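Structure, as structure tokens:
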Amino acid sequence: MLRTVGPMAALAVLVAGAAAAAPAPAAPPLAWLISPGEASCRIELELTGRSGAIMPVALVSDGDRVALRFSKDDIPERAFLSIRINQKAYANLMLRTADPTVGELVLSDLTQVALRKGALLQIAWLAEEPVAGSLAGAEAEIPNLKTCGAQAAGQARARQAAVADARARAEAQAHAQAIAQAQLQTAQAQAATAEAERRRVGLDAERLEAALDNERQRAAYQAQRRRADEAAQQRAAYEQQRQRPGDDYGDGYMRPVWEGPPAWARGGYRRGPHNGY
């Protein structure tokens, strides 16, 4: 297994492998079957070594780029590796994916043209021994792979846009509902405050009316007491004057004791011949 830590080490292995592998026997043809994915399309390929060992790889495209995807232990984060097409080396940037055992060799436009026009693909650093495969059929299928990848990526972007639009509408609707709910709660709180204020004003009015009524009753009671006191004073003065004896005028006559108003003033007077009327 290759323990690659940088592009220089990979290139050294490639040169050594190429020197040991000349000339290569005829490689078996590759099956160029395009499989659409969620956002890209791929062609599964099987490269074969001298011993007959098979190394699976895949050409993957999203319409914008074509990458050779492979699995291998100890893949560096990035490296600059070469593949051979018709015994000619083409260097490309290799990037490690989210899976640390999967790498993608991003094929340049020049490499893609060579793949379409070439007859033999060789990779020295992929396995314990160099592996190879025939490129018969690549001229038609690589453009088809890019077309399929562009369509799959476009549909994926459309789905993502639809999901984002639905999420945005849902968020907008939830926001509008939250605003409406907040406005409703505010209106209910204002109505409750107004009702509480109305009740408070009503209670204050009732208390004020009760206080005024108590004041009126107290004033009426005090007036009644005052009138009763005045009446009692008048009665006391009357009794005192009625019971006082007559005063001596100094001429031998005594002033008679006042015995109250005459009968006609007291309501006991009756008209008749006995009183001269």
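Derivation of every value follows stated rules applied to the coordinates shown; laboratory data play no part. The shown structure was predicted, so the numbers you read here are calculated from the model rather than taken from an experiment. Here the Cβ positions follow ideal geometry from the backbone for every residue, glycine too, while neighbour counts run over all protein chains shown.
For Val66, nonlocal amide neighbours, meaning residues 5 or more places apart or on other chains whose placed amide H falls under 5 Å from its own, are Leu107. Applying the Karplus relation 6.51 cos²θ - 1.76 cosθ + 1.60 with θ = phi - 60° to the stretch 201-206 yields 3J(HN,Hα) values of 5, x, 5, 4, 5, 5 Hz, where x marks Gly and Pro.
For Phe80, the residues 5 or more places off, or on other chains, whose built amide H falls under 5 Å of its own are Met94.
Couplings 3J(HN,Hα) of the stretch 43-60, computed from phi: 10, 7, 10, 10, 8, 10, x, 4, 7, x, 5, 10, 10, x, 9, 8, 9, 10 Hz, in residue order, whole Hz [Karplus 6.51 cos²θ - 1.76 cosθ + 1.60, θ = phi - 60°; x for Gly and Pro].
Add +1 for every Lys or Arg and -1 for every Asp or Glu among the other residues with Cβ under 15 Å from the Cβ of Leu212, and state the total. Could you put the intermediate results ahead of the total?
On the way: positive: Arg207, Arg216, Arg218; negative: Asp204, Glu206, Glu209, Asp213, Glu215.
Charge balance in the 15 Å sphere: -2.
Note on Ala228 and Thr193: with the Förster distance fixed at 45 Å, the Cβ-Cβ geometry gives a FRET efficiency of about 0.30.
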